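Below: one structure, written as structure tokens.
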Amino acid sequence: MGTKLIWGGRVISGLLACLLTVSATMKLIGGREVIEGFVRMGLPESLRAPLGVLELACVVIYLVPATSVIGAILLTGYVGGAILTHLRIGEPVVFQIALGLFVWLGLYLRESRLKSLIPFRTSLPVEFGPARSTNR
């Protein structure tokens with residue numbers, strides 16, 4: 001895998017981690033805007049700190065190379081919950097969907113193990129052999 005792609009994945013993952021870390025920190029610190037957001041979404045204020053800790057833990061697991069795939073899976077679940085929360089109150093979810101896609105794009109570009117699990121097609125033509133009957 002090319003060095004530019006690996007660094008591209010690192011940059012995407014790093015920017016995403018910064019964004020999510022700010023989000024988690026805001027939940028942990030609190031503040032009027034955060035509490036108003038929780039009320040608007042119909043979430044109890046008592047979930048603010050646990051959600052901040054959960055988000056921060058997912059980011060840390062995502063950034064550690066040995067656990068990055070598990071971190072991406074956890075962040076996908078976290079973002080899925082955010083999508084559901086926003087859909088429930090009729091808000092657009094384009095940002096949350098993009099966030100989930102960038103989680104996997106960043107990881108795919110920086111993690112060579114994913115290349116064998118999720119291979120992209122090449123431009124080489126595929127030849128199929130003659131059809132065989134499964135009836136004997």
Residues in the range 73-110 reached by a label modelled at A57 [backbone nitrogen below 20 Å; 7 Å Cα→Cβ]: 73-83
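Considering only the other residues whose Cβ falls under 12 Å of the Cβ of K27, what net charge follows from Lys and Arg at +1 and Asp and Glu at -1? Before the final figure, lay out each step's value.
Details: positive: R48; negative: E33, E45, E55.
Surrounding charge for K27 is -2.
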Of [x] 1.39; [y] 0.95; [z] 1.13, the label for Cα Rg over 2.2 N^0.38 Å derived from the coordinates: [x]
Relative contact order computed over the chain (Cα-Cα under 8 Å; 6+ residues apart), in percent: 32
Given charges at Cβ of Lys, Arg, Asp, Glu: the chain dipole, positive-most of L84, L56, I6: I6
Projected label distance in nm at V39 and L15, using a 7 Å step from Cα toward the beta-carbon: 3.5
Chymotrypsin sites (Phe, Trp or Tyr not before Pro) within the range 59-122: DSSP coil, no more than 16 neighbouring Cβ in 10 Å: F120
Extension gain (nm, one decimal) between L87 and K4, 0.36 nm per residue minus Cα-Cα: 26.2 nm
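May I ask you to list, by number, the DSSP H helices of the chain whose Cα span along the axis is at least 20 Å and whose average Kyte-Doolittle hydropathy reaches 1.6 or more? Could you put the intermediate results ahead of the total?
Numbers: long enough: 3-29 (38 Å, 1.28); 48-63 (23 Å, 1.69); 68-88 (30 Å, 1.33); 94-110 (24 Å, 1.66).
Going by DSSP H runs, the hits are 48-63, 94-110.
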Nearest-20 debye value, the range 3-113 charge dipole, Cβ charges on Lys, Arg, Asp, Glu: 260
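The numbers here are math on the coordinates, done by the rules we state, and not lab data. Just so we're clear, the structure is a prediction, and the values are computed from it rather than from any experiment. Because the Cβ atoms are built from the backbone with ideal geometry, glycine has one as well, and the counts that use them run over all protein chains shown.
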